[in-house]
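Novice: The structure under discussion is supplied below as structure tokens; questions concerning it will follow.
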Amino acid sequence: MNITQESTLVQTAPSAPSMPSIASSAMLVELNISTWAGRKKDKTESAKTNYNAGATAGTAAVTKKLLGNCEELIALQKHVSSCRSLHTSMTLPWSDSGLRLIPTAQYFKYQQAMTDMQQQFDKLTEEFIDAYAWEVTTAHRELGDMFHRDEYPTSDALAGKFRMRMNYLPVPEAGDFRVDVGAGNLAELQDHYETYYTAQLNHAMTHLWNRLFESLTRMSERLDYTDTKKVFRNSLVENVVEIVELLGTCNITNDTQMSAMQSRLEVAMYGVTPEALRDDSHLRRMVREDINDALATIDNLPSLSM
């Protein structure tokens, strides 16, 4: 399933926008994480590789890991990936610039979770910086002729390359253009933003339906023991429970169909554990039937395009 969807001084909106306003129920959040990759293209070795292979210059490139398999840097990079994944899972898409939508009901949970991630990020960064000088010495030995000291920043300069922060912004209203462009142009700008606003809001909500559909489909497949016993991780249940919770906190348009689906799935998943699903065939069959009924309902929602 793929759910798609002349000049005056200060001008104000001639009328209220027709689309639903979410300025008081949601905000925009931007996650910025900067790091040091620890990789560098080696031009000399790249040229040698192409020459030895009889290949055209520039066909192949040799990229070296400046610190080899530095455990501290690898741990930090994995954590950054986890930060980005958590940020994405707790917010909704909004713009191509990286801004994402977060309901005010989700703010506290998001802020708490991301603050914990930021503290861990700072801790891992400090551990990496402490180990850096020794890792450079080790790299000199491991890289041989590919080692070039000028490719390594000082510890102080390196520390400045690591930063993580969240920026929060309000969701602009369509009538909030305060520019000197003339009444006709102002109305055109407002119409343009109204169209953009509606499209982005619809995209955020259909994204939520998509996530639910994908999680439920995965659970239905793994609970089908018709031909053979399936193996699944605990996260199979955790993912569904998480998205069901999001149906409540992220339903900023007060969609009655979404509210009904959340209530329905809360009942279906109440008290359900991965262990019980593995051991109890009757429970497994009942839960799968509920999941399949929910999938059929989503698939037939007239407001969505499947």
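The values are calculated or read from the model by the stated rules, or taken from the named source; none is laboratory data. From a predicted model like this one, the values you see are computed outputs, not experimental measurements. Reconstructed Cβ throughout: ideal geometry from the backbone, glycine too, with neighbour counts over all protein chains shown. Areas reflect the complete protein model, heavy atoms only, side chains present, ligands, DNA and RNA absent. Shrake-Rupley method; radii C 1.70, N 1.55, O 1.52, S 1.80 Å.
Novice: If amide H atoms are built 1.01 Å from N in the plane of the peptide, which residues on other chains or at least 5 residues away come under 5 Å of the amide H of Trp94?
Specialist: It is Leu101, by chain and number.
Novice: Another question, then. Using R₀ = 35 Å, calculate the FRET efficiency as 1/(1 + (r/R₀)^6) where r is the Cβ-Cβ separation of Ala296 and Ser235; round to 0.05.
Specialist: Details: r = 24 Å, r/R0 = 0.70.
That pair, Ala296 with Ser235, gives E of 0.90.
Novice: Cα to Cα, under 26 Å, and not fewer than 8 places away if on the same chain: which lysines meet these conditions relative to Lys109?
Specialist: Here the lysines satisfying the reach criterion relative to Lys109 are Lys78, Lys123.
Novice: Quick one: Karplus J couplings for the stretch 31-36, per residue in order, coefficients 6.51, -1.76, 1.60, θ = phi - 60°, nearest Hz, x for Gly and Pro?
Specialist: Coupling constants for the stretch 31-36: 9, 10, 10, 10, 9, 10 Hz.
Novice: How about Lys48: which lysines have a C-alpha closer than 21 Å to its C-alpha, ignoring those fewer than 8 places off in the same chain?
Specialist: Lys40, Lys64, Lys65
Novice: In nm, give the distance between the simple-model label positions of Asn254 and Ala47, each being 7 Å from the Cα along the Cα-to-Cβ direction.
Specialist: Reported label-point gap for Asn254 and Ala47 is 6.9 nm.
Novice: Identify which of the listed values of percent of Cα pairs over 30 Å apart was calculated from the structure shown: (i) 45; (ii) 49; (iii) 56.
Specialist: (iii)
Novice: Hey, another quick one. Taking a probe of 1.4 Å, how large is the accessible area per residue of the chain, in Å²? Please list the in-between numbers first.
Specialist: On the way: 17420 Å² over 306 residues.
For the chain, the solvent-accessible area averages 57 Å² per residue.
Novice: Could the peptides 35-44, 287-296 be put in order, highest first, of the mean number of other beta-carbon atoms found within 10 Å of their residues? Don't skip to the end; give the middle numbers.
Specialist: Details: 35-44: 14.2, 287-296: 16.7.
Top to bottom by mean Cβ count within 10 Å: 287-296, 35-44.
Novice: If I compute solvent accessible area with a 1.4 Å probe over the protein chains, what percent of it on the chain is carbon and sulfur? Don't jump to the answer; show the numbers that get you there.
Specialist: Values: 8710 of 17420 Å².
Its accessible area is 50 percent carbon and sulfur atoms.
Novice: Next question. Can you give me the pair-distance distribution of the stretch 99-146, C-alpha pairs, 10 Å bins, whole percents?
Specialist: 22, 26, 20, 16, 13, 2
Novice: Can you give the extra length, in nm with one decimal, that the chain gains between Lys123 and Asp279 once fully stretched, where that is 0.36 nm per residue apart less the Cα-Cα distance?
Specialist: That works out to 52.0 nm of additional length.
Novice: Give me log10 I(q)/I(0) at q = 0.14, 0.27 Å⁻¹ for the stretch 47-127, Debye formula, one equal scatterer per alpha-carbon, no solvent.
Specialist: -0.69, -1.21
Novice: I've got another one for you. Under 5 Å between amide H atoms, partner at least 5 residues away or on a different chain: which partners does Val62 have, H built in plane at 1.01 Å?
Specialist: Those qualifying (amide H under 5 Å, at least 5 residues apart or on another chain) are Asp42, Ser46.
Novice: Per the helix-only calculation at 222 nm, which mean residue ellipticity applies to the chain, given -39500 (n - 2.57) for every DSSP H run of n ≥ 4 and division by its residues, nearest 500 deg cm²/dmol? Present the calculation step by step, with values, prior to reporting the outcome.
Specialist: Working: 9 runs with 168 residues, N = 306.
Only helices count here, giving -18500 deg cm²/dmol.
Novice: Need one number: nm distance between label points at Thr195 and Tyr225, each 7 Å from Cα along Cα→Cβ, rounded to one decimal.
Specialist: Placing both labels 7 Å beyond Cα along the Cβ direction yields 5.5 nm.
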